[in-house]
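The values are calculated or read from the model by the stated rules, or taken from the named source; none is laboratory data. Computed from a prediction, not measured in an experiment: that's the story for all the values here. Quick reminder, even Gly has a Cβ in these numbers, built from the backbone with ideal geometry, and neighbours come from all protein chains shown. SASA here: full protein model, heavy atoms, side chains in, ligands and nucleic acids out. Shrake-Rupley method; radii C 1.70, N 1.55, O 1.52, S 1.80 Å.
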Amino acid sequence: MAAGCDSGTPDAPTAVPKSPTAAPSVSAGPSAPTSTGVPPATSTSPPTPAPIRKLKVGAKGADVLALQNRLTELGYWNGTADGKFGGATQQAVYALQKAAGTGRDGVVGPKTRKILDKGVRPKAKSTSGRAVEIDLKRQLLMLVDNGEITQIFNTSTGSNEYYEQEGETFLADTPSGKFRVSRQIDGWRHAPLGLLWRPKYFNGGIAVHGATSVPPYAASHGCARVSISAMNWLWKNDALPLKTKVWVY
């Protein structure tokens with residue numbers, strides 16, 4: 001029996017040096033050659049380039065800024081590029097790694113840099129209008145406009161594990177199908193199974209909502225979690241208004 005993450009009653013929102021060119025001079029006659037005092041030329045090797053560092057939470061600098069700009073260019077939402085690798089950047093790296101089908105550690109090493117260089121992006125299934133697509137296999141939430149993906153988010157959906165609530169057993173799943181955003185709460189929803197930040201409901205008690213924990217794997221009771229900052233962006237930009245199509249597959 002599936003219930004979703006909110007099965008209760010809605011409440012209010014609370015220069016290289018030149019080699020010497022002079023040759024030694026030799027005096028006429030039987031005397032020995034005299035030295036010019038110029039040291040012999042020596043060969044030099046180019047300096048070894050410094051290794052490219054791995055980027056992860058806490059890193060700062062121009063390379064982080066370049067990473068953030070590249071993620072934004074590819075459509076992976078990571079907030080404002082500021083040269084600081086924080087939670088929003090980690091969420092975007094998760095999403096990138098999910099789209100490529102690689103390990104999901106949120107760290108930018110050699111493999112993830114190759115993915116960035118290739119410009120890996122998921123593909124949309126909807127073809128017209130605004131839609132939210134939730135890919136359960138890859139755990140991605142995507143905003144799609146007329147078949148073009150405009151923003152990609154890391155999400156965490158139903159864990160597909162059973163849980164107990166008020167003496168009954170429920171399955172923590174996110175059912176596939178085509179839905180629409182039907183109601184919303186602009187604030188915290190104190191649901192029976194936890195807190196939901198600014199939820200946008202699309203299937204009964206199942207919503208897209210902000211959460212303080214959005215791991216790179218399915219872990220919710222059925223909702224599609226995104227980060228708090230991502231949910232704020234979605235509201236600020238009116239990206240999921242009521243009646244928005246939500247495709248779950």
**Item:** Nonlocal amide H pairs with residue 151, under 5 Å, H built at 1.01 Å
**Value:** 143
**Message:** Taking the alpha-carbon distance from residue 137 and a cut-off under 13 Å, which aspartates and glutamates remain once sequence neighbours fewer than 8 residues away in the same chain are dropped?
**Reply:** 173
**Asked** Reachable lysines from residue 84, Cα under 18 Å, same-chain residues fewer than 8 places away excluded?
**Response** 54, 56, 60
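Sorted by accessible area (1.4 Å probe), largest first, how do 137, 178 line up?
137, 178
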**Request:** Place the peptides 165-176, 210-221 in order of packing, highest mean first, counting for every residue the other Cβ atoms within 10 Å and averaging per peptide.
**Result:** 210-221, 165-176
**Prompt:** Taking a ≥ b ≥ c as the square roots of the eigenvalues of the Cα gyration tensor of region 126-248, is the shape rounded (a/c under 1.5), prolate (a/b larger than b/c) or oblate?
**Reply:** prolate
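Beta carbons within 10 angstrom, averaged per residue: use that to sort the peptides 57-63, 73-79, highest first. Intermediate values should be presented prior to the final figure.
Numbers: 57-63: 12.7, 73-79: 20.9.
So the order, starting with the most tightly packed, is 73-79, 57-63.
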**Bridge type composition, region 126-248 - antiparallel percent by DSSP, nearest 5** = 80 percent
**Request:** Excluding residues on the same chain fewer than 8 positions from residue 111, give the aspartates and glutamates whose Cα lies under 15 Å from its Cα.
**Result:** none
**Asked** Sequence-distant or interchain residues sharing an amide H contact under 5 Å with residue 4, placed H: which?
**Response** 173
**Asked** When ranked by the protection proxy of mean other Cβ atoms within 10 Å per residue, highest first, what sequence do the peptides 146-159, 185-198 form?
**Response** 146-159, 185-198
**Prompt:** When the chain is fully extended, how far beyond the present Cα-Cα distance does residue 249 get from residue 137, taking 0.36 nm per residue of separation?
**Reply:** 39.5 nm
